[in-house]
Structure formats: C-alpha cells, structure tokens
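Contents: one structure, followed by commentary.
The values are calculated or read from the model by the stated rules, or taken from the named source; none is laboratory data. These numbers come from a predicted model, not from an experiment. Note that we place each Cβ from the backbone using ideal geometry, even for glycine, and neighbour counts take in every protein chain shown. Surface areas here come from the heavy atoms of the whole protein model, side chains and all, with no ligands, DNA or RNA. Shrake-Rupley method; radii C 1.70, N 1.55, O 1.52, S 1.80 Å.
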Amino acid sequence: MKKVIIVGSGIGGLSAAIYLQNAGYQVEIYEKNDQIGGKMGRFEKEGFKFDVGPTIVMMPHIYQQVFHDTGVNPDDYFTMSRLEPFMDVFVNDHDKTYLTSDLTKLASQYESVSPSEFSGFLSYLNDIYKRYLVAKDHFIQRSFRKPLDFWNPKTLYNALKLKTFGSSYGSLKKHLKNEDLVKLMAFQTLYIGVSPYNGPSIYNIIPMIELIYGVWFIDGGMYQYARALEKRFTELGGKIHLNTHVDQVTFNGKTASGIKIAGKQIPADGVIVNADFPYAMNHLIQDSTLKKRKYQQEKIDKLEYGTSCFLLYLGTDKRYDSNLNLHNLKMANDFTKNIKELEQSGLPTDPSYYLYMPSKLDRNFTPNDKSESIYILVPVPNLKLYDNWNDSTIAQFREQILNKVSELPGMADLQSHIVSETIYTPDDFKNKFNAANGATFGLKPTLLQSNYFRPHNKYPYAEHLYFAGSSVHPGAGVPIVITSGQLAANELKKDIEPND
Ligand SMILES: Cc1cc2nc3c(=O)[nH]c(=O)nc-3n(C[C@H](O)[C@H](O)[C@H](O)COP(=O)(O)OP(=O)(O)OC[C@H]3O[C@@H](n4cnc5c(N)ncnc54)[C@H](O)[C@@H]3O)c2cc1C
C-alpha cells in the first residue's frame, strides 16, 4: 500500500486525507499544533468556548460532499440548520438592516428603495449565476498541472466568459444605483481577503451564493465540522500525529520522498502540503533547484497577500442575545475609506467589524445561563503592510473597537461585563498556523493570483508533491479549501497508484 504524508491538519489537509485514505492509500497527517482543524480550531477559557476562525457556513452541499463521496451519510457526522435572516447589518451609525435569502423579503427590501433597484438586483443575479456556472465547471472544480491545461482555446474562451476584468464594486454598480445596497453586496469580498474596489468582479459570486444556497449554522459551532472530518478520516484507518512540527519535505532527486521532523526522516511515496504555500516555499522546500525562479524567496515575498484580522474573543457575565443576531456586521460610515486603509500601512481609523454570538443558538458555548460568548473580527492589513502589534497598539485598538461595539443597541455596558478575554492579532495567525505575513485568507485573489495563476495543486517543479489550502487553487474560504483538498488528492491519484 502506498504511503502519503500530509503536512497540516487544516480543512484542506483533512479533505485530501479522507479522499486518499478512502481510495486505498495509507495516509498520515503531521500537525504542529495540539489540535486538528487549523484555523477552524476551538479553544476554551474560563468555561467559555470560542471558534477561532471561520463562522459563516455557505455552500452546505460542499461540506457534505466529502462524506457522500466516501459512502456515508453526512448527517451521521454533523448537522446544521439554516439561518434566516442570516445577518444583521448596521449602517450609517444606527440604521439596522439585514441580509436574507428569502426572495419575498429581498423584494420588499429593494422595492422600498425603488422597483428599478430590485430589477437591477435580478439582473445582477442572472449575470453572476451564469458566470458562476462557468467558474464552477471550468476553473473551481478542476486543477491545472501544465500550461496547456489553461492555454488552450476552450479554456481561454471560458475565461473570457467569466468577464472578470472589472472590480466587484464596479460590476455591482452596473446593476444597482443605490450606494447602500451596493455596499451590502460588496463587503463580502473581504471574506477572501480582497477589496471589492480592486478584487476581480467574479468574486461577486459570494453574495449570490449566500442568497441562493443560504447561510447555515453547524450545530455545536464550526469546530464540530473539523471533528466530523477527523472522525471520518480515522475510522477509514488514517493516522494523525499532533504536536509534530514538520521541518522540511525531503526529495530523492526531483521526487518527494517524505518529510523531516527534528532531524528524523519519515519516508512516503507522496506528500501533500496543507501548510500555507508561501511559508512552505520559504521553509519546507529547502532545495532551491526545485523552486525555479518563480518560487524563490524574493519572488514569494513579492507576491500579494490578502487582508488579515484582529479578533477579540469575549466571555461576559451578562446575556446580550436578545439585542443581536448570531451574525452581525457594523459597516464603517466611510466604507470606501475603510477598505482603502486595509491596503495601506497603519490601522483603520474607523473600522468595519463583524460580531458573532454563537451562544445565541447554542448555550453550550457559555459556562452558565447568564453569560455570552462573543467573537469580534476586525479586518486589518496583513503584516507586510502593518507590523507594529505591541502591547500599546493592541490596547489602543482594543479600546477603539470595544467603544464602537458599545454603540450597538443594548451593548452599552459590555465592557463592564467582560469576564474572559483573548486577543488574536495577525502575529498570532503567523505564529500559530504559519500563515505567511499573517494573511488570514492566504495569497490575495487578484486576477494574477487566481485560477491558473494561483499556485497549482500539483507542484510543477518536482514529482509526487502536491498542495491543498487557501493560498493555492482554487482559493480561500472553507468550501473552496475543501475542494482544494479534493483536487490535490485527485492530482496525486493520477501519478501514484495506491497499490503498485
Ligand atoms: C478569523 C477567520 C475567519 C474566517 N471566516 C470564515 C468564514 O466565516 N467562512 C469561511 O468559509 N471561511 C472563513 N475563513 C477562512 C477559512 O477558515 C480558511 O480558508 C480555511 O480554514 C483554511 O484552511 P487551510 O487548510 O488552508 O489552512 P489552515 O487552517 O491554516 O491549516 C494549515 C495547517 O497546517 C499546520 N502547519 C503549518 N505549518 C506546519 C508545519 N511546518 N508542520 C506541521 N503542521 C503545520 C497549521 O498548524 C494548520 O493546522 C476564516 C478565516 C479566519 C482566519
């Protein structure tokens, strides 16, 4: 039986691991942390539970697919429920609106501005859905291994059909006039770390996906999904080694031969790296003759990195669940300025932020019935742009954010009810998960770092080496990273038979 090693137990690594173990390979995952899931982690403090990273579940069918594909019923591993409305949004100081995937509510939301805005919304939906189908079939669910896979008339024709040269914001403006309505659909590109003002317009598929497939909550919180993947992998016979930092991928000539951990060589027939691609290039692939010019350190450092996040994980001794939804967004009054600041050095002056309150739906997140578990995420520049997170800047930014949150309805006394507090800055994402430049969503999905131009699932300059994760094809976000794991597994299967 052929042995495959996977470096990292993030969602990309777990997904690849399940597909390969199910196909008859002997798969072992090596994870540096004491927990599986990578950024989809969980920590507990003073009786409160917190999901570390992802919280918004979109495209539920992709979460389920890996279970269907390996012959089991996903409902036996995790369950989820649909949220409606799925997010409360606060704009212009105190105005509250919401995001919904209910067509009747949407119609009244848009018609209350003007019927032509609803008509514009429908034309946006029609346009982006057609482009989504092209993206799905020809770019997201397939990988590229050689130049001819992209540079051929059929793929180039489909690339043109994506009409992706304009920005997300510019594309929305073609359909909608009202600035507030446009912003309600533009901010979602931040989910993958890119500005709507210069991110390719194809990423307007994100609000479409929210509307069409709904937004869901995994019972028990996001970490339950990582646990579900772990369960499926281990019951198929896979092995996970926690607390095991991989130092390098080893090669026999130009073929991956395993990994090295604390000087010890562990052989394998194939290696899938789930650790962040730029980090892996600079640290795990040490033989520079295997990197060619494109992936030498100076080139890797010059790539464009997406935005990062500042997070406050708060436990309170008071309940706030009657005031807010599970998902809440406060949009900066000057949204355009806020987004521009994310691509400059320095911290945003009037930040937008997102607040998640899982204890609203699941009281197990809190130690007792009189408390709340609250997660506040603030998009901030990555460490390449701003690298000055020290005690003083953290304290100032924390204060600024908590003052803003206190302005939300019913949240005025929040600061005096905090009994547990943990802060993550971009440095934590760099140090805990080896996220290059602390960019929480990986390489920025610009036009020149998307599709064929994003690092491939099969490494082009060595054999039997593959990549899965947010900085490689097809990109960031849980469902897309699950797909990345599947694509990496498929690429490996093309090169290595499980039993030969
Ligand atoms: C704050 C935040 C909020 C988010 N919100 C959402 C959301 O709401 N919805 C959504 O769909 N997506 C969201 N995302 C994005 C999503 O979480 C990621 O795209 C996805 O989880 C990334 O998975 P991955 O497998 O690429 O990487 P990771 O989760 O980073 O996994 C990589 C793993 O490799 C390990 N590793 C690294 N180096 C080594 C080494 N040398 N040896 C051994 N192990 C190593 C790391 O410890 C880690 O466990 C969010 C992300 C963050 C950070």
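Of the residues 189, 164, only one is among the hydroxyl-bearing types (Ser, Thr, Tyr), in contact (Cβ under 8 Å) with a residue 40 or more places away in the chain and open to solvent by less than 70 Å² (accessible area, probe 1.4 Å); which? Steps first, please.
Details: 189 fails: in contact (Cβ under 8 Å) with a residue 40 or more places away in the chain.
So the residue among 189, 164 that is among the hydroxyl-bearing types (Ser, Thr, Tyr), in contact (Cβ under 8 Å) with a residue 40 or more places away in the chain and open to solvent by less than 70 Å² (accessible area, probe 1.4 Å) is 164.
Would you say residue 145 is open to solvent by 20 Å² or more (accessible area, probe 1.4 Å), outside any helix (DSSP H, G or I), charged (D, E, K, R) and touching a Phe, Trp or Tyr at 6+ places or on another chain (Cβ under 7 Å)?
On the way: open to solvent by 20 Å² or more (accessible area, probe 1.4 Å): yes; outside any helix (DSSP H, G or I): yes; charged (D, E, K, R): yes; touching a Phe, Trp or Tyr at 6+ places or on another chain (Cβ under 7 Å): no.
Criteria not met by residue 145.
Mind checking whether some residue in the stretch 267-282 is in a strand (DSSP E or B), surrounded by fewer than 19 Cβ atoms within 10 Å (Cβ to Cβ) and either of a type outside the set (Val, Ile, Thr) or away from the ligand (no atom under 16 Å from the Cβ) (or both)?
Yes, the stretch 267-282 has at least one match.
Working only within the stretch 437-482, note down all residues that are of a type in the set (D, E, K, R) and under 16 Å from the mean Cα position of the chain (by Cα). Lay out the reasoning, then the answer.
Here is the first cut: in the stretch 437-482, the residues of a type in the set (D, E, K, R) are 444, 454, 458, 463.
The answer is 444, 454.
Return only the number of the condition from (1) surrounded by 13 or more Cβ atoms within 10 Å (Cβ to Cβ); (2) over 30 Å from residue 324 (Cα atoms); (3) free of Cβ contacts under 8 Å to residues at least 60 places away in the same chain that residue 76 does not satisfy.
Only one criterion in (1) surrounded by 13 or more Cβ atoms within 10 Å (Cβ to Cβ); (2) over 30 Å from residue 324 (Cα atoms); (3) free of Cβ contacts under 8 Å to residues at least 60 places away in the same chain is unmet by residue 76, namely (1).
Go through the stretch 61-82 and count every residue that is part of a loop (DSSP other than H, G, I, E, B) and over 21 Å from residue 357 (Cα atoms). Spell out the reasoning first.
Taking the stretch 61-82 as the starting set, the residues that turn out to be part of a loop (DSSP other than H, G, I, E, B) are 70-73, 77-79.
From what's left, over 21 Å from residue 357 (Cα atoms): 70-73, 77.
The qualifying residues number 5.
Restricting attention to helices (runs of 4 or more DSSP H) lying wholly within the stretch 385-500, give those where 3 or more residues are buried (at least 20 other Cβ atoms within 10 Å of the Cβ) and within 16 Å of the ligand (Cβ to nearest atom).
Working: elements: 391-405, 426-433, 478-495.
Per the criteria, 426-433, 478-495.
Residues in the stretch 117-127: is at least one assigned to a helix (DSSP H, G or I), touching a strand residue (DSSP E or B) at 6+ places or on another chain (Cβ under 9 Å) and open to solvent by 60 Å² or more (accessible area, probe 1.4 Å)?
Step one: of the stretch 117-127, the residues assigned to a helix (DSSP H, G or I) are 117-127.
Narrowing further to those that are touching a strand residue (DSSP E or B) at 6+ places or on another chain (Cβ under 9 Å): none.
Scanning the stretch 117-127 turns up no residue that is assigned to a helix (DSSP H, G or I), touching a strand residue (DSSP E or B) at 6+ places or on another chain (Cβ under 9 Å) and open to solvent by 60 Å² or more (accessible area, probe 1.4 Å).
Do you know which residues across the stretch 17-30 are closer than 22 Å to residue 474 by Cα and within 9 Å of the ligand (Cβ to nearest atom)?
Once the filter is applied, which keeps residues that are closer than 22 Å to residue 474 by Cα and within 9 Å of the ligand (Cβ to nearest atom), the stretch 17-30 yields only 29.
Tally up the residues in the stretch 24-60 that are open to solvent by 30 Å² or more (accessible area, probe 1.4 Å), part of a loop (DSSP other than H, G, I, E, B) and under 19 Å from residue 13 (Cα atoms), please.
Looking only at that region, the number is 6.
What pairs can you find where one residue is in the stretch 283-301 and in contact (Cβ under 8 Å) with a residue 24 or more places away in the chain, the other is open to solvent by 70 Å² or more (accessible area, probe 1.4 Å) and charged (D, E, K, R), and their Cβ atoms are less than 7 Å apart, with a gap of 6+ or different chains?
Between residues of the stretch 283-301 that are in contact (Cβ under 8 Å) with a residue 24 or more places away in the chain and residues that are open to solvent by 70 Å² or more (accessible area, probe 1.4 Å) and charged (D, E, K, R), the close pairs are 290/254.
Quick check: anything in the stretch 242-252 modelled with pLDDT of 95 or more, assigned to a helix (DSSP H, G or I) and touching a Leu at 6+ places or on another chain (Cβ under 8 Å)? Let's see the steps before the verdict.
Initially, the stretch 242-252 is screened for residues modelled with pLDDT of 95 or more, giving 242-252.
Next, from what is left, pick out any that are assigned to a helix (DSSP H, G or I): none.
Among the residues of the stretch 242-252, not one is modelled with pLDDT of 95 or more, assigned to a helix (DSSP H, G or I) and touching a Leu at 6+ places or on another chain (Cβ under 8 Å), which makes the answer no.
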